[in-house]
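Q: Take a look at this one; I'll ask things after.
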Amino acid sequence: MAHRPYVMWPHKALRTAAEPVAEINDEIRAIWDEMIEAMDAMPGVGLAAVQLGIPLRLAVVDASDERGKAVRMANPEILHASVQPRDHEEASPNLPGVSAKVTRPRAVTVKFINVDGEEQEQDFVGIWATSVQHQIDHLNGKMYFDRISKVKRDMLVRKAKKLNG
């Protein structure tokens with residue numbers, strides 16, 4: 001199954017907060033499957049539905065070495081974040097060819113609705129935590145480069161425009 005194309009920065013879908021998911025049904029499960037395919041094709045460690053132009057609060061995260069361990073989340077929300085920071089080079093298929101070092105909490109506890117339609121809480125640490133925070137930012141209409149200085153952000157966007165014509 002082919003996934004729909006990534007929306008490209010500065011598409012308004014990337015600056016608009018996504019809508020909450022009312023219920024988990026076959027349509028939502030199919031979107032999650034498509035998102036995992038798109039994430040694996042990048043290859044990446046996470047994807048938010050808005051990156052494919054789907055305005056729903058859906059995210060997938062898979063930072064496992066062997067793949068196939070994706071956590072499917074609807075309406076994810078951070079309950080707790082560690083005070084210990086972690087730096088990671090972040091990027092996005094919505095602004096290809098560039099990346100930036102972003103500092104985020106090293107660990108987070110996230111509440112979400114799982115594939116069975118049940119509310120679940122899960123702890124994420126390291127790259128998993130970075131990815132889930134990155135996806136929740138997307139669902140809130142934010143990009144990773146919103147977390148760096150304006151000077152660095154402007155340079156990054158200029159470089160991406162040059163690379164991507």
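The values are calculated or read from the model by the stated rules, or taken from the named source; none is laboratory data. Quantities reported herein were computed from a predicted structural model and do not represent experimental measurements. Positions of Cβ are backbone-derived with ideal geometry, glycine not excepted, and every protein chain shown enters the neighbour counts. Only protein heavy atoms, including side chains, enter the accessible area calculation; ligands, DNA and RNA are left aside. Shrake-Rupley method; radii C 1.70, N 1.55, O 1.52, S 1.80 Å.
Q: Helix-only estimate, please: 222 nm mean residue ellipticity of the chain, summing -39500 (n - 2.57) across DSSP H runs of length 4 or more and dividing by its residues, to the nearest 500.
A: Rounded to the nearest 500, it is -8500 deg cm²/dmol.
Q: Check G46: other-chain or 5+ apart residues with amide H under 5 Å from its amide H, H built from backbone geometry?
A: Excluding prolines and chain starts, which carry no amide H, the hits are D62.
Q: What is the list of residues in the stretch 90-117 whose amide nitrogen lies under 13 Å from a point 7 angstrom out from the Cα of E23, following Cα to Cβ?
A: Output list for this probe position: 117.
Q: Label-point separation (nm) for K152 and A30, each offset 7 Å from Cα along Cα-to-Cβ?
A: Here the answer is 4.1 nm between the modelled labels.
Q: With the cut-off at 1.5 for a/c, could you classify the stretch 46-165 from its C-alpha gyration tensor as rounded, prolate or oblate? Present the calculation step by step, with values, prior to reporting the outcome.
A: Values: a/c = 1.98, a/b = 1.52, b/c = 1.31.
Here the stretch 46-165 falls in the prolate category.
Q: While we're here: Just report the Cα centroid separation between the stretch 94-125 and the stretch 48-82, whole Å.
A: A separation of 6 Å, based on Cα centres.
Q: Arrange the peptides 92-105, 39-52 so that the one whose residues have, on average, the most other Cβ atoms within 10 Å appears first.
A: Top of the packing list down: 39-52, 92-105.
Q: Next up: What does the accessible area per residue of the chain come to in Å², with a 1.4 Å probe and no ligands, DNA or RNA counted?
A: 52 Å²
Q: For the charge dipole of the stretch 68-165, defined by +1 on Lys and Arg C-beta atoms and -1 on Asp and Glu C-beta atoms about the Cα centroid, which residue among P105, I136, S92 has the Cα displaced farthest towards the positive pole?
A: My answer, from the dipole projection, is S92.
Q: Oh, and also: Assign one of three labels to the stretch 1-47, namely rounded, prolate or oblate, based on the Cα gyration tensor with a ≥ b ≥ c the square roots of its eigenvalues; rounded applies when a/c is under 1.5, prolate when it is not and a/b is larger than b/c, and oblate otherwise.
A: Judged from the Cα gyration tensor, the stretch 1-47 comes out oblate (a/c at least 1.5, b/c at or above a/b).
Q: In what sequence, highest mean first, do 140-148, 62-70 appear when ranked by Cβ atoms within 10 angstrom?
A: Details: 140-148: 18.2, 62-70: 13.2.
The packing order, highest mean first, is 140-148, 62-70.
Q: Rounded to the nearest 0.05, what FRET efficiency is calculated for V83 and N114 with R0 set to 25 Å and r the Cβ-Cβ distance?
A: 0.35
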